[in-house]
Amino acid sequence: MSDLRIRSAAPTDLDAVLAFWKTAAEGTSISDDRAGVERLVARDPEALLLAERDGELLGTVVAGFDGWRCHLYRLAVRPDARRQGIGSALLTAAEERFVALGGRRGDAMVLDRNERAHHAWQAAGYARQPQWSRWVKHLLDD
């Protein structure tokens, strides 16, 4: 694992990240477009973390901190590179970022139907909170 490099995404990485999510991420998001990811990187240049080996993109996680809470999105690992510790390395980097920013607790958005992800998040020390539900309202039409 020592050859794995975790770094923040640069604006030049965005097209590769969007293409990567189409094959490695479960589900889609309203923000999965160039403009959405550009806004993320412009607002918080260290939030989108990439895992690479020999310059090849193997994983991503968005580690967003709003000053109050730490949020994790888009933890994705290339299917043929799963179960090699890449997701764990990304989560460690995200958690270190949160601690450095003063964060106290991280939460993750995980699809209910993504059973494989449930096991990964649980193995990383995260637990589902059954007393909470996510409420959303789209602010713009698709």
Label assignment, Rg and Dmax of the Cα atoms in Å derived from the structure, set [x] 17.5, 57; [y] 14.6, 44; [z] 14.9, 47: [y]
Between Ala108 and residues 5 or more places away or on another chain, the pairs with built amide H atoms under 5 Å apart involve Leu72
Unit charges at the beta carbon, dipole of the chain: most positive-side option, Leu4, Ser133, Met109: Ser133
Go ahead and estimate [θ] at 222 nm for the chain from helices alone: -39,500 (n - 2.57) per DSSP H run with n ≥ 4, summed, over the residue count, rounded to 500. -10000 deg cm²/dmol
Which residue, Leu91, Leu50, Leu18, has the most motion in a Gaussian network model of the chain that connects Cα atoms within less than 10 Å? Leu18
For Asp13, the accessible surface traced by a 1.4 Å probe with all protein chains present amounts, in square angstrom to the nearest 10, to 30
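Taking only C-alpha pairs under 8 Å that are 6+ residues apart, what is the relative contact order of the chain in percent?
RCO, the chain: 21 percent.
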Per residue, how much accessible area does the chain show when a 1.4 Å probe rolls over the protein heavy atoms, in square angstrom? 69
Candidates per trypsin sites (Lys or Arg not before Pro) in region 1-83, loop by DSSP, up to 15 other Cβ within 10 Å: Arg69, Arg83
Within the chain: Cβ-based charge dipole about Cα centre, in debye rounded to nearest 20 (Lys, Arg +1; Asp, Glu -1): 480
Top of Gln84, Gln122, Gln131 by mean-square fluctuation, Gaussian network on the chain, Cα under 10 Å: Gln131
Please report the orientation-averaged projected area of region 75-142, defined via the convex hull of its C-alpha atoms, in nm². 6.7
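Of the chymotrypsin sites (Phe, Trp or Tyr not before Pro) in region 33-142, which ones lie in a loop per DSSP and count no more than 12 other C-beta atoms within 10 Å? Walk me through the numbers on the way to the answer.
On the way: sites: Phe65, Trp68, Tyr73, Phe98, Trp121, Tyr126, Trp132, Trp135; in loops: Trp68, Tyr126, Trp132, Trp135.
Here the chymotrypsin sites (Phe, Trp or Tyr not before Pro) that fit, given the DSSP loop and packing criteria, are Trp68, Trp132, Trp135.
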Modelled label reach - Leu18, point 7 Å along Cα→Cβ, region 101-133 residues with backbone N closer than 20 Å: none
Set of region 36-50 residues, backbone N closer than 12 Å to the point 7 Å along the Cα-Cβ line of Arg7: 50
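The values are calculated or read from the model by the stated rules, or taken from the named source; none is laboratory data. Keep in mind it's a predicted model, so treat the numbers as computed, not measured. Ideal geometry is used to build each Cβ from the backbone, glycine not excepted, and the neighbour counts take in all protein chains shown. With ligands, DNA and RNA removed, areas are computed over all heavy atoms of the protein, side chains included. Shrake-Rupley method; radii C 1.70, N 1.55, O 1.52, S 1.80 Å.
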